[in-house]
Structure formats: C-alpha cells, structure tokens
1. Could you give the size of the charge dipole of segment 159-343 about its Cα centre, using +1 on the Cβ of each K and R and -1 on the Cβ of each D and E, expressed in debye and rounded to the nearest 20?
2. For the chain, what's the relative contact order in percent, using C-alpha pairs closer than 8 Å and at least 6 residues apart?
3. Report the full-extension gain for the segment VAL180 to ARG39: residue separation times 0.36 nm, less the Cα-Cα distance, to one decimal in nm.
4. Note down, for the chain, the three equivalent ellipsoid semi-axes (square root of 5 times each alpha carbon gyration tensor eigenvalue), biggest first, whole angstrom.
5. Taking R0 as 35 Å, what's the FRET efficiency between TYR230 and VAL202 from their Cβ-Cβ distance, rounded to 0.05?
6. With springs only between Cα atoms under 10 Å apart, run a GNM on the chain and tell me which of VAL58, VAL201, VAL188 wobbles the most.
7. What is the magnitude of the charge dipole of the chain about its Cα centre, with +1 placed on the Cβ of each Lys and Arg, -1 on the Cβ of each Asp and Glu, and no other charges, expressed in debye to the nearest 20?
8. For labels at ILE266 and VAL309 in the simple 7 Å Cα→Cβ model, what's the distance in nm?
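Taken together, the values in this text are just the output of simple stated rules run on the coordinates, not laboratory data. Just so it is clear, the structure is predicted and the values come from calculations on it, not from any experiment. We place every Cβ from the backbone using ideal geometry, glycine too, and count neighbours over all the protein chains shown.
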Amino acid sequence: METNVQRRTSNAESRPIIMNLNHIFLFLAIVSSLLVLARVWRPGAVAAATWRIAALIVLAITGVTWIFWRGTAGYAGGCVWFLLLFLPAVGLRKMTELATQGNYESARKLGVALQILHPSPELRDQIRLFRRLESQAKYRGVVGPAAVDHEATRSQLRYAPAVLVLILLNAAIFLFEISVGDSNDPEVLHRIGALEPYAVVVQGEYWRLFTALFLHGGLAHLGFNLFALYVLGPPLERSIGTMRFVVCYLISGLASGAGVIGLTLIGLVRPAQLVGASGCIMGIVGAWAGFLMRHRHAAHARQRLANVVIIVAIQIGFDLSTPQVSMSAHLCGLVAGFLLGLVLTPQPKPA
C-alpha cells in the first residue's frame, strides 16, 4: 500500500500518520472469508465443508467483536483468520510440495499438525496415504529424501533473486529510516526522500520519484508491502526473467509517482506526501494481467487472470475504505504494469 500523508507547508506542526492496523485486519478477515465462501460454497461439496466452517467462524467472531469491542474487532478477526484460513492454506500447500519431493514422512508430520486447525476427512485420508507410502519406501530400502529436499530448498532461494534483493534492500532502507527518526513522521520522510508534488515540480527534486519507492511509513506498511512482493513477485520473475522483472518493477513505481503528480497538477487529487513500494507491486499485478492477456491461450492463463482481477478488486475496495493510502498511486502503477505486460514475452527456457 502507498501511504498518503498530508504534509503541511505552513508553520503548523505536521502530524505523523499511523496506519490503522485494526482497520486493515478487519478488512482482511471479512473480505478473505467472503472470498473463501464464494469459492467453496457449492451444494454437496463435502470436500469444502471444513473451509466453509472456518470462514463462517472467522466472520462470526469478527462480527461479535465488532458489536461489543469495535476497537479490537480487526485484531480478533485477523488472529482467527490467520489460524483457521491462512496457516492451513500455506501448510497444505507445503505438505503437497513435500509429498511431490518424495518426503512422505515430513508431509505426514505436517499433516498431523495441520489437523489441529483443519480437521477435514480429506486431510486424514492424505495422512493415511503418506503413512503407507512412507512404509513402502522404507520397506524397499529407499534412501530418505533429505538430500533432495536440500537441493529443492537451495533452488528456491535462487528462484527469484530480484525479489530477494528488493526485499533485503527495502528492509535495509527501513532500518536507515528508523535510525534517523520516526518513520511515521512526515518531516523525517521529507528529509530522506518522500515524494511531494511541490518539491518535484517547483524545486526540481526529481530524484524523489525514485527514493520514495524504498521508503515506508512504519513497520506495518513495510511488512504488508514486502509480503505482497514475496507472494506476487517470484512467479512473474520466473516467467519473464530477472532483468525484465526489475525493469517492470522500477518503471511501474516511477510511473505511479509521476501519475500522482500529474493528477495533482490538474486538480484531481489533493497534494500529499507519498512513500511506499506499492506502486511497484501494483505494477507487478498489472504486468501479470497484461502478460496473461497476451498469452491467454496458455495453460491456466484464464484462471490466473481471474485471480489477478480479484486482487485488483480487493485492493480497490481497501483503498476506498482506507484514507491513509493513495488509490491514485496504486492505479497508476497498475496501468503502467499492465501496458508493460502487454509487450512482455516469456523467458526463454534453457536448452
């Protein structure tokens, strides 16, 4: 998300903008639960029953806390969402990866642990299957897959070098931010390179278009952006290549800032101080959309494009309900990335 901070140019004191985590988690718990229900609510779909129940529990707890303890409803809903929806989804995916690598013992142990949060009949059947496969592997004298797992882990570390470097770079710059002052203080952000239309247009400080991409207004702002980069970045980098990914990331971010300045000059948005990498990240989302539209006949392209549309819809809904973020910056980055995606070609596969 791109933090939108009003910075006063008069002698009045600038107030730091603190992101409302309760609001963010509330939005996340409600919207993600509704999306789960929309995907799995099919009559007679027994396999989806556990997910339906989990999503309904998240909504129920969030709703009750909203009625009685509104100030903590987001935190309560977010915690339940993390335990009942997020962790099981990530864990089941990891369990499948382990089984694919032949590491049935680790897959079984992970499945047993996941049963605490996701006690579904399908998971119990998978655990029994892994137990049989594990016994068969030991009976045949198959060497454990530790070496294979090690190689897989190492390859995953090399999977998206640009994403890894960008995550480390953003984290390092945030450490610099907090070393010079409060990362939520507009005056501190101004001194170290936040994007401000007046400073760029009138004072010619064009470098702010670049530096603002690596600044963040607080740890929560940084965390959400880096998590989004970690989730969305690697698949695109693998598809188009590292150098193209970096170019797409930076051009989208620069276009995001330039677009906001242009909209400010014509009076469509109010002058504000901007920081954050979300213009770049929305550029990644847009690039995915353009890339998938160009190659829409490829396998799974339509389903992935539908997922991108859902991400954009969620982001727009969040922007409309959260005054601390800049929808204009997000949309400008999205459009820039989309245009780039239309001309991107897949990375050539090694011979």
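1. Working: 9 positive and 8 negative charges, 173 e Å.
Approximately 840 debye in magnitude.
2. Details: 494 pairs, mean separation 74.5, N = 351.
After rounding, I find 21 percent.
3. Numbers: separation 141, 0.36 × 141 = 50.76 nm, distance 4.64 nm.
The span from VAL180 to ARG39 would gain 46.1 nm if fully extended.
4. Details: eigenvalues 310, 131, 75 Å².
The equivalent ellipsoid of the chain has semi-axes of 39, 26, 19 Å.
5. Details: r = 37 Å, r/R0 = 1.07.
So, using R0 = 35 Å, E works out to roughly 0.40.
6. VAL201
7. Numbers: 29 positive and 17 negative charges, 280 e Å.
Charge dipole, the chain, about its Cα centre: 1340 debye, nearest 20.
8. 2.7 nm
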